[in-house]
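A.B. asks: Dropping a structure here in structure tokens format, bear with me for questions.
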Amino acid sequence: MAAARSVLRDIRRVTLAALAAGALAAGVVVVLAAGARLRAWFGLTPEQPVDVPVAELWLDNARALLLAFGAAALVVWWPRARVALDVLVCFVLGANVLLVAVAFGAYGEPLLRLAPGHYVLELLAVATAGAAYLDARREGELRSHVVLGCAIAVALLLLGAAVLESAGA
């Protein structure tokens, strides 16, 4: 029970940090009036979404989050790499969150209207993967029930997000 509370606390903390960083990033885009340049760089067309299969969306998102689980195993096996792993996990997970936040800042409501629920599910998946890493880092061991629970939760959250994001939803 203590492990579940600890992981849930980590999920909450990672989610709040991601929301704060994302809001700041989106705000900077708006304040700098960089929306047009960023829209050209992203090249998205929210008015006419591309039909991407659910499996492809799920795999693309899962690949990015696998790093956190690999880092969880590595931080236990090689504790001296902890600082480098902290930076790597923060960079990869943070970059994913910031890319979405910057896109929100650039596109605004048209992007949000596409599939508002999938962003929440993806954010929770990122936070859960981050919590798996934080648990291994803190405990100095890879607790199988924590890793398995987080992996199942991430897989299901990403599946829900992919279903909502796909044009067929």
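A.B. asks: Determine whether GLY108 is at pLDDT below 95, surrounded by fewer than 17 Cβ atoms within 10 Å (Cβ to Cβ) and on the phi > 0 side of the Ramachandran plot.
C.D. replies: On the way: at pLDDT below 95: yes; surrounded by fewer than 17 Cβ atoms within 10 Å (Cβ to Cβ): yes; on the phi > 0 side of the Ramachandran plot: yes.
Yes: the conditions hold for GLY108.
A.B. asks: OK, next. Open to solvent by less than 30 Å² (accessible area, probe 1.4 Å), closer than 18 Å to ARG63 by Cα and either in contact with a Leu (Cβ under 9 Å, 6 or more places away or on another chain) or at pLDDT below 95 (or both): which single residue out of LEU157, LEU99, LEU93 fits that description?
C.D. replies: Details: LEU157 fails: open to solvent by less than 30 Å² (accessible area, probe 1.4 Å); LEU99 fails: open to solvent by less than 30 Å² (accessible area, probe 1.4 Å).
Residue meeting the stated conditions: LEU93.
A.B. asks: Here's another thing I want to ask about it. Return the residues of segment 39-54 that are open to solvent by less than 70 Å² (accessible area, probe 1.4 Å) and at pLDDT 90 or above; say none if nothing qualifies.
C.D. replies: Once the filter is applied, which keeps residues that are open to solvent by less than 70 Å² (accessible area, probe 1.4 Å) and at pLDDT 90 or above, segment 39-54 yields only VAL54.
A.B. asks: Can you name the condition, by its number, that VAL7 falls short on among (1) aliphatic (A, V, I, L, M); (2) part of a helix (DSSP H, G or I); (3) out of contact with any Asp or Glu (no Cβ under 9 Å at 6 or more places or on another chain); (4) surrounded by 13 or more Cβ atoms within 10 Å (Cβ to Cβ)?
C.D. replies: (3)
A.B. asks: I would also like to ask the following. Looking at (1) closer than 20 Å to VAL146 by Cα; (2) in contact with a Phe, Trp or Tyr (Cβ under 8 Å, 6 or more places away or on another chain); (3) aliphatic (A, V, I, L, M), find the lone condition where ALA4 falls short.
C.D. replies: Condition not satisfied by ALA4: (2).
A.B. asks: How about segment 82-163: which helices (runs of 4 or more DSSP H) wholly inside it have at least 3 residues that are closer than 30 Å to ALA36 by Cα and free of Cβ contacts under 8 Å to residues at least 12 places away in the same chain? Before the answer, list the steps.
C.D. replies: Values: elements: 82-107, 109-114, 116-139.
Filter on segment 82-163 gives 82-107.
A.B. asks: In segment 57-90, what residues are over 16 Å from the mean Cα position of the chain (by Cα) and surrounded by fewer than 18 Cβ atoms within 10 Å (Cβ to Cβ)?
C.D. replies: Correct list: ALA73, VAL76, TRP77, TRP78, PRO79, ARG80, ALA81, ARG82, VAL83, ALA84.
The values are calculated or read from the model by the stated rules, or taken from the named source; none is laboratory data. These numbers come from a predicted model, not from an experiment. Here Cβ is always computed from backbone atoms with ideal geometry, including for glycine, and neighbour counts include all displayed protein chains. Note: accessible area is taken over every heavy atom of the protein model, side chains too, but ligands, DNA and RNA are not part of it. Shrake-Rupley method; radii C 1.70, N 1.55, O 1.52, S 1.80 Å.
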